[in-house]
């Protein structure tokens, strides 16, 4: 499928990049930069079609924002409110985008976005001590995980318009969990790093509260970050950080260094045989790695992430 906004951004790339210094000086988007965003269609990508918007798929929106931010980091930020202790985590469930975060009261909060825009933050309870992880098996389904105050893995599942109660999966986590959806097998995989440094996983079909942990025979220095969805052509299982903070692509028992340095586990997306990352760099700002041919490997997008 084509992404007309991304095409328009590429056509105006030099103009967008040239306005970066002025945006930085003003501390906001310059009028000329805002005009460019309107002309490329970026500001209407998620607006409903009935109101003159493009009603674009979240994937197309993310690709356009990543390209805009690689040209000028100021263009890639949108405030969504709230006061966050851990997170966020995001996932697309069909045409609905979900966002999760842990509030300062250690509870889980959620927002979703469909054709009528972002809904309000909704409290989902819990007593949590890590960033959340989320995955979806399609429209109307989301599973979200986090480490509880007791160190164990906990989750809730959204199904048929309703949230389940909290499920306790057990274990003792030394890093935030990560989750991926395997649509071909009809299940969510959640991975955790245990007290011994090894990675353990559970496979969870829709509607199943919890299953037994299985050992993934690798010991890691950090959590294993996985893409929110898994494909047969993916180039690896996920990303972890070595002792120096360098991202490593894990494929079975083998690892491959991607260069750079991060200070927190990144978000991961596989694009066939290539991989893309977004995470907090050693300087505290947002960095993106794009392993696709013809794209820059590491790009700084600015900001300061806690």
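For the residues 257, 243, 264, the requirement of being at pLDDT 90 or above, farther than 22 Å from residue 136 by Cα and surrounded by 13 or more Cβ atoms within 10 Å (Cβ to Cβ) singles out 264.
Only a single criterion out of (1) over 26 Å from residue 136 (Cα atoms); (2) at pLDDT 90 or above is not satisfied by residue 300, namely (2). Restricting attention to region 156-171, the residues being surrounded by fewer than 15 Cβ atoms within 10 Å (Cβ to Cβ) and in a loop (DSSP other than H, G, I, E, B) number 4.
Within the group 207, 194, which residue is under 17 Å from residue 137 (Cβ atoms), over 19 Å from the mean Cα position of the chain (by Cα) and modelled with pLDDT of 95 or more? Checking each option against the conditions leaves just 207.
Taken over region 267-301, the criterion of being in contact with a helix residue (DSSP H, G or I) (Cβ under 7 Å, 6 or more places away or on another chain) and crowded, with 19+ Cβ neighbours inside 10 Å is satisfied by 288, 301.
Checking the condition closer than 26 Å to residue 269 by Cα, in contact with a strand residue (DSSP E or B) (Cβ under 9 Å, 6 or more places away or on another chain) and modelled with pLDDT of 95 or more, which residue from 214, 183, 223, 152 passes?
Just one listed residue meets the conditions, 214.
Of everything in region 104-155 that's assigned to a loop (DSSP other than H, G, I, E, B) and within 17 Å of the chain's Cα centre (by Cα), which residue is surrounded by the most Cβ atoms within 10 Å (Cβ to Cβ)? Step by step, filter region 104-155, then rank; the result is 132. Among all residues of region 34-48, there is none that is exposed (fewer than 13 other Cβ atoms within 10 Å of the Cβ), assigned to a loop (DSSP other than H, G, I, E, B) and at pLDDT below 75.
Looking across region 1-27 at every residue that is outside any helix (DSSP H, G or I) and out of contact with any helix residue (DSSP H, G or I) (no Cβ under 8 Å at 6 or more places or on another chain), the one that is modelled with the highest pLDDT is identified as 2.
Right, residue 212: outside any strand (DSSP E or B) and closer than 20 Å to residue 133 by Cα or not? Yes, satisfied. Count of region 224-280 residues, restricted to those that are part of a loop (DSSP other than H, G, I, E, B) and either under 13 Å from the mean Cα position of the chain (by Cα) or closer than 16 Å to residue 89 by Cα (or both), is 7.
If you check 242, 274, which single one turns out to be without any contact (Cβ under 8 Å) to a residue 40 or more places away in the chain and touching a strand residue (DSSP E or B) at 6+ places or on another chain (Cβ under 7 Å)?
242
Could you tell me whether any residue of region 227-235 is touching a strand residue (DSSP E or B) at 6+ places or on another chain (Cβ under 7 Å) and under 20 Å from residue 86 (Cα atoms)?
yes
Taking region 60-98 as the range and being part of a loop (DSSP other than H, G, I, E, B), modelled with pLDDT of 75 or more and under 23 Å from residue 142 (Cβ atoms) as the test, the residues that pass are 94, 95.
The values are calculated or read from the model by the stated rules, or taken from the named source; none is laboratory data. Quantities reported herein were computed from a predicted structural model and do not represent experimental measurements. When we count neighbours, we look across all protein chains shown, and the Cβ atoms used for this are built from the backbone with ideal geometry, even at glycine.
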